[in-house]
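**Student:** Take this structure, written in structure tokens, and hold onto it; I'll ask about it next.
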Amino acid sequence: MNMEPHISAEEFDIRQFMRLDLFPHFLCPGCGHGMALRALMWALWEQNISMDKLAVVCGIGCSGRLGAYIDSNTFHTTHGRPLAYATGLALARPDLHVVVITGDGDCLAIGGNHLIHACRRNVNMTCLMLNNEVYGMTGGQVSPTTSPTRYTTTTPYGNAEPVFDACKLAEAAGAGFVGREVTMQVPTLKDLIKQAFDYDGFSFVEIISDCTEIFGRKNQLGESAEMIMSQKASTRPDSYGTRVDEPFRPNSLPTGVLVKTDRLEYRAHQQSLNPKGQK
Amino acid sequence: MSASKTHPVTNVLVVGVGGQGVIMVSKVLALLCQRQGHEVKQSEVHGMAKRGGAVFSHIRFGKKVHSPTIPTGEADILIALEWAESMRWINQLNPETGTFISDTHKIVPPFACRNRSRNQKAVYSKETPKDVLGKVAQGYALDAVGVAAELGNERAANTILLGVMSTVLDFSVDDWLDVIAKFVPPKSIEINKKAFLYGREWVKEATIPEMNGEVEIEKAAELTNELEIIPAWCKGCDICVRMCPEHCLELDAEQKVVNARPDNCTGCRICEWLCPDFAIKLHKVPVNEKQPDAAMVEA
Amino acid sequence: MLAKVERKNIQGNEACALGAIAAGCRFFAGYPITPSSEIAHTMSRELPGVGGTFIQMEDEIASMGAVIGASLGGVKAMTATSGPGFSLKQENLGYAAMVEAPCVIANVMRGGPSTGMPTRPGQGDIMQSRWGTHGDHPIIVLAPESVGEVYSETIRAFNLSEALRVPVVVLIDETIGHLLETVDLTPPDPASIIERKWATCDPKDYKPYEITKDRVPAMARPGDGYRAHTTGLTHDETGFPTQDTEKGKNAIGRLLDKLEYHKGKIESYEAIDCDDAETLIVTIGISARAAKRAIKSLRADGIKAGLFRPRTLWPFPEEAMRKAAGKAKTIIVPEMNAGQLIFEVERVIAGKCKTVGVNRYAGDIITPSEIEAAARKVTS
């Protein structure tokens, strides 16, 4: 396998795929969600997916607002439920490419049930979970992925809860494709998202994003540049090998394709059981 | 030519960028030599795939080989899978008898191949195949990746170069193909055979001066980089300023990014990629078309 | 040739499912809940045969979400539930109302509150079906009284939902859901089945929530090139969120005005012996069947009793009820709850006559003799 990220930026212009009337977008300065959105659009462009045949389903929160900027069929649904909406949409319209954009609170807290069952069910769609460790839009409250001891507006004395590892959760729930990447690695993230698209079934990608304005500052994690660099430094790409490099990067988050297994896609499976619904 | 007159040794240096297949090429050669009854020693630097770094492999074969590495200036064949890498290692080649074989395909790593010091102009290798002419005894440069893509699979580029190299070494075509088939996926055996034979055919006509037609590199040298910045979209997050490897960018008094040192821009696109607000777009424009004020475009 | 008449002895719940399929429903997402489960059973068996999709989701919320997702994809979709599940669906029901996604929810009512009496009847969701989700929102609620009407009202629910882009609730009493009756299942005339108004204009001119004369904007089907944005945030005609109070007022105003404008199409009721009725009974569903028996014996004894039964419960057919109550001195409102419908009746009648409730809320149905007794009491 070629490990080099495929650089094709020569002609890719994200502005061609955005609803430019809405710009500048609402995200805070230095928000990693912008880079994640670029990686998504770049991957779609490289995969030749028509914006007409794409459906982007978002939840609520900072991540949920990204859909509005994509010039495609976009759905801004209710808090935690985008996977449920997307399941209905993907089953009713298998001709559409369904992408779900969700956040750590949206996907792991209020929508946790939908996530595990989407992983288990394996309906063909791609779920991108933007993990910035915080509920940004509501004012910086603790989320299921906030690191222990970190300060948020609802943990003024530090967070006492452990972190939810979304990728391990997805894997345990049976997801056939699980991946993780940091926003700073835009071309690598783009390649990961492309692989997720290629997977026939439910694919889950956790994107480590940064919230400088209301999380990073409060925890003295530096400005966006420091945050994204330290996120990158705290990861261990899959190509490094898991065991060999562990001594050099202890306690670091593995990135890249973490799980890829052959599973029959839900719709195909259902049709194979009784293709015409004969009694 | 070799370290010892009594035991003539042939030295082949394979170079490229991590992930290209340097090790595959050297393994093919090593196995082939072994099958022909030679003693083979191979020495390599690898594992640079993720880092986009330089990868090389020394292969020495003959009746008896003592040292695993090739002394500087004694390589009989330099086979490069990437153009800038061929330039990096060209001094390893024996200037009187060495054969230079390179792909003109370029891989421009944003960080790895640049001068890191402040205000240093750093660009991709400007040498063209023509420039190599006086430095080597025999040379071949071709766009193997482009040809391989036409044949149906970019990954067969290395096999084209092996085909070129096979004209210099004294092994039979069947032996080559037999070994290559051992190292490529079963599905691609056919395409690799085609690629190998293409390389052999191509050599019959090729000489370096004709390779001036490798317009890709000539064209690349004429392009310049222009940043289109939409100030209205820039939120002054400072990411691009901090991450630009050449320190080109600055925030102005209104906390909007400006390209303060446009001449240093190498077109690596880091700023474009990392801008969360999509406020920066890099344009590669021909030098003569560059507008003096085009770097700042009002939204 | 005469149309083929198909008669079958089936349950209310099965009739609901068959009605939905006859109306063109091709997507069902549900979650098991007594006493509505037979609707899901029938759907899971029948939908694949007509090229539809059945899915049992992980919870009530998800099944409502999946239904709206399918509907936004352009497919007629429904779900079925009962009280506790209906409570959970309210979140996404509000979304469907806001983004004007057509969908049908069958709510087979059981005793409440909370888990209540899962296998016993109740009519406790009369107000929840109208006001269950937060904020002002349009919604249509139909209340059939027989298995046959469950079939026809489910078809009507889809037609209204598709025509007006509004969620429609079919309120079925547990008693009717599990009642076996002989039903005429003759498929409806295809011309009577209403399809959604799809956008056909140039995508450049398309406004997803255009304020048109009929108040129903044309919907963009994903994949047709319109690339619309759908959001539960208050949005203007373009479909994008707005903080502008003037634009918000127009958008929500149109949404609420939509049902008022189409009132004639939506309203449906049954009025029996109302012209001279001094004692008017207003009720729905299974309670109305008891009332029918009661007015027969009351009339036999010379008591001028009548029945007004809104088939379309919400929006409430107020003018029709006011007309039916023209001669009424007393209005009796039997309902299997502690008193919900009576509030609406009192609002409509505005003190012009006395109102009396006949209530049961412990899992029993109201009998004809109870209604009769109440009527005799007010007339004596």
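Here, each number is a calculation from the coordinates, and none is a lab measurement. As the structure is a computational prediction, the values presented were derived from the model and not from experiment. Every residue, glycine among them, receives a Cβ derived from its backbone with ideal geometry; neighbour counts consider all protein chains shown.
**Student:** Considering only Cα-Cα distances, which of the following residue pairs are longer than 32 Å: B:LYS27/B:LYS106; A:LYS194/C:LYS89; C:LYS89/C:LYS249; A:LYS194/B:LYS194; C:LYS292/C:LYS354; A:LYS218/C:LYS89? Present the calculation step by step, with values, prior to reporting the outcome.
**Tutor:** Working: B:LYS27/B:LYS106 23 Å; A:LYS194/C:LYS89 35 Å; C:LYS89/C:LYS249 26 Å; A:LYS194/B:LYS194 30 Å; C:LYS292/C:LYS354 21 Å; A:LYS218/C:LYS89 37 Å.
From the list (B:LYS27/B:LYS106; A:LYS194/C:LYS89; C:LYS89/C:LYS249; A:LYS194/B:LYS194; C:LYS292/C:LYS354; A:LYS218/C:LYS89), the Cα-Cα distance tops 32 Å for A:LYS194/C:LYS89; A:LYS218/C:LYS89.
**Student:** Something else: With the Cα gyration tensor of the range C:271-379 giving a ≥ b ≥ c as the square roots of its eigenvalues, does the rule (a/c under 1.5 for rounded; else a/b larger than b/c for prolate; else oblate) give rounded, prolate or oblate?
**Tutor:** On the way: a/c = 1.45, a/b = 1.02, b/c = 1.42.
Since a/c stays below 1.5, the shape of the range C:271-379 is classed as rounded.
**Student:** Something else about it: According to a simple spin-label model (label point 7 Å from Cα along Cα-to-Cβ), what is the distance in nm between C:LYS204 and B:GLU190?
**Tutor:** Between B:GLU190 and C:LYS204, the label points sit 4.9 nm apart.
**Student:** Determine the dipole magnitude for the range C:108-202: charges of +1 sit on the beta-carbon of Lys and Arg, -1 on that of Asp and Glu, nothing else is charged, the reference point is the Cα centre, and the result goes in debye to the nearest 20.
**Tutor:** 320
**Student:** Give the residue from C:VAL75, C:PRO310, C:HIS178 lying farthest towards the positive end of the charge dipole for chain C; charges sit on Cβ (+1 for Lys and Arg, -1 for Asp and Glu) and the dipole is referred to the Cα centre.
**Tutor:** Farthest towards the positive pole: C:PRO310.
**Student:** Looking only at chain A, where both bridge partners belong to it, what percent of the DSSP beta bridges are antiparallel (to the nearest 5)?
**Tutor:** If we restrict to bridges inside chain A, about 20 percent are antiparallel.
**Student:** Follow-up. In the protein assembly as shown, if the dipole is taken from +1 on Lys/Arg beta carbons and -1 on Asp/Glu beta carbons about the Cα centre, which of A:GLY61, A:ALA166, A:HIS117 is farthest to the positive end?
**Tutor:** A:HIS117
**Student:** At q = 0.15, 0.17 Å⁻¹, work out log10 I(q)/I(0) for the range C:7-192 with the Debye formula, treating every Cα as an identical point scatterer and leaving solvent out; two decimals please.
**Tutor:** Calculated log10 I(q)/I(0) at the listed q: -0.75, -0.99.
**Student:** Further question: How tilted is helix A:33-46 with respect to the longest principal axis of chain A? Cα atoms for both, answer in degrees (0 to 90, nearest 10).
**Tutor:** 30
**Student:** Oh, and also: What does the charge dipole of the range C:7-192 about its Cα centre add up to, to the nearest 20 debye, if the Cβ of each Lys and Arg holds +1 and the Cβ of each Asp and Glu holds -1?
**Tutor:** Result for the range C:7-192 is approximately 160 debye, rounded to the nearest 20.
**Student:** Calculate, in nm to one decimal, what B:LYS284 and B:ASP175 gain on full extension: separation in residues at 0.36 nm each, minus their alpha carbon distance. Each step should come with its number before you reach the end.
**Tutor:** Working: separation 109, 0.36 × 109 = 39.24 nm, distance 4.58 nm.
Length difference between fully extended and current span is 34.7 nm.
**Student:** Hey, got the dipole for the range C:271-379? About the Cα centre, +1 on K and R Cβ, -1 on D and E Cβ, debye to the nearest 20?
**Tutor:** Working: 18 positive and 13 negative charges, 33 e Å.
That gives a dipole near 160 debye.
**Student:** Given C:PHE240, A:THR155, C:ASN92, which one lies farthest toward the positive end of the charge dipole of the protein assembly as shown, if we put +1 on the Cβ of every Lys and Arg and -1 on the Cβ of every Asp and Glu?
**Tutor:** Of the candidates, C:ASN92 comes out farthest on the positive side.
**Student:** Please report the orientation-averaged projected area of chain A, defined via the convex hull of its C-alpha atoms, in nm².
**Tutor:** 15.6
**Student:** Further question on the same structure: So if we plug the beta-carbon distance of A:ILE49 and C:ASP364 into 1/(1 + (r/R0)^6) with R0 = 56 Å, what FRET efficiency do we get, rounded to 0.05?
**Tutor:** 0.45
**Student:** Mind sorting A:HIS76, B:HIS247 by how few other Cβ atoms lie within 10 Å of their own Cβ, fewest first?
**Tutor:** The most exposed by this proxy come first: B:HIS247, A:HIS76.
**Student:** A follow-up question, please. Could you work out the mean projected area of the convex hull around the alpha carbons of the protein assembly as shown, in square nanometres to one decimal?
**Tutor:** Working: hull surface 197.7 nm².
If I average the Cα hull's projected area over directions, I get 49.4 nm².
**Student:** Next question. For a quick check, take a GNM of chain A with Cα springs below 10 Å and name the residue from A:THR138, A:THR102, A:THR126 with the largest mean-square fluctuation.
**Tutor:** Of A:THR138, A:THR102, A:THR126, the most mobile in the Gaussian network model is A:THR138.
**Student:** Kirkwood hydrodynamic radius for the range A:33-130: how many Å is it when counted over pairs of different Cα atoms?
**Tutor:** Answer for the range A:33-130: a Kirkwood hydrodynamic radius of 13.1 Å.
**Student:** Can I ask one more? Return one number: the angle in degrees, 0 to 90 and rounded to the nearest 10, between the long axis of the Cα atoms of helix C:60-72 and the longest principal axis of the Cα atoms of chain C.
**Tutor:** The answer is roughly 60 degrees.
**Student:** Further, regarding this structure: Please arrange C:THR115, A:THR212, B:THR224, B:THR97 by counting, for each residue, the other beta carbons lying within 10 Å of its beta carbon, fewest first.
**Tutor:** Ascending number of Cβ neighbours within 10 Å: C:THR115, B:THR97, B:THR224, A:THR212.
**Student:** Now a separate question. Looking at chain C from every direction and averaging, what is the projected area of its Cα convex hull in nm²? Kindly include the intermediate steps, with their values, before the conclusion.
**Tutor:** Numbers: hull surface 80.9 nm².
Average projection, Cα convex hull of chain C: 20.2 nm².
**Student:** Same structure again: Pop a pseudo-label 7 angstrom from the Cα along the beta-carbon direction at both A:SER230 and C:ASP136 and give the gap in nm to one decimal.
**Tutor:** 4.9
**Student:** Moving to a separate point now. For chain A, what does the helix formula give at 222 nm: sum of -39500 (n - 2.57) over DSSP H segments with n ≥ 4, over the residue count, nearest 500 deg cm²/dmol?
**Tutor:** -8000 deg cm²/dmol
**Student:** Using a Förster distance of 45 angstrom, determine the FRET efficiency expected from the C-beta separation of B:GLU44 and B:GLU205, and round it to 0.05.
**Tutor:** 0.85
**Student:** Rounded to the nearest 5, what % of DSSP beta bridges with both residues in the range C:7-192 are antiparallel?
**Tutor:** In the range C:7-192, DSSP labels about 25 percent of beta bridges as antiparallel.
**Student:** Report, in degrees rounded to the nearest 10, the 0 to 90 angle that the Cα long axis of helix A:224-233 makes with the longest principal axis of chain A.
**Tutor:** In chain A, helix A:224-233 runs at an angle near 70 degrees to the longest axis.
**Student:** Have a look at the DSSP beta bridges in chain C and tell me what percent are antiparallel, nearest 5.
**Tutor:** Beta bridges within chain C, antiparallel portion: roughly 30 percent.
**Student:** Relative contact order, percent, of chain A when contacts are C-alpha pairs under 8 Å separated by at least 6 residues?
**Tutor:** So the answer I get is 18 percent.
**Student:** Send over the per residue convex hull volume for the range C:203-264, Cα only, as a whole number of Å³.
**Tutor:** Numbers: hull volume 5.7 nm³, N = 62.
Residue-normalised Cα hull volume stands at 91 Å³.
**Student:** Test of understanding: in a Gaussian network model of chain A with alpha carbons linked when under 10 Å, which of A:CYS107, A:CYS31, A:CYS211 would top the mean-square fluctuation ranking?
**Tutor:** Highest fluctuation of the listed residues: A:CYS31.
**Student:** Given a cut-off of under 8 Å on Cα pairs at least six residues apart, what relative contact order in percent is computed for the range B:223-289?
**Tutor:** Dividing the mean separation by the residue count of the range B:223-289 yields 47 percent.
**Student:** So, one more: Just need the relative contact order of chain C here, percent rounded to a whole number, with Cα pairs under 8 Å and 6+ apart.
**Tutor:** Averaging sequence separation for qualifying contacts and normalising by length gives 16 percent for chain C.
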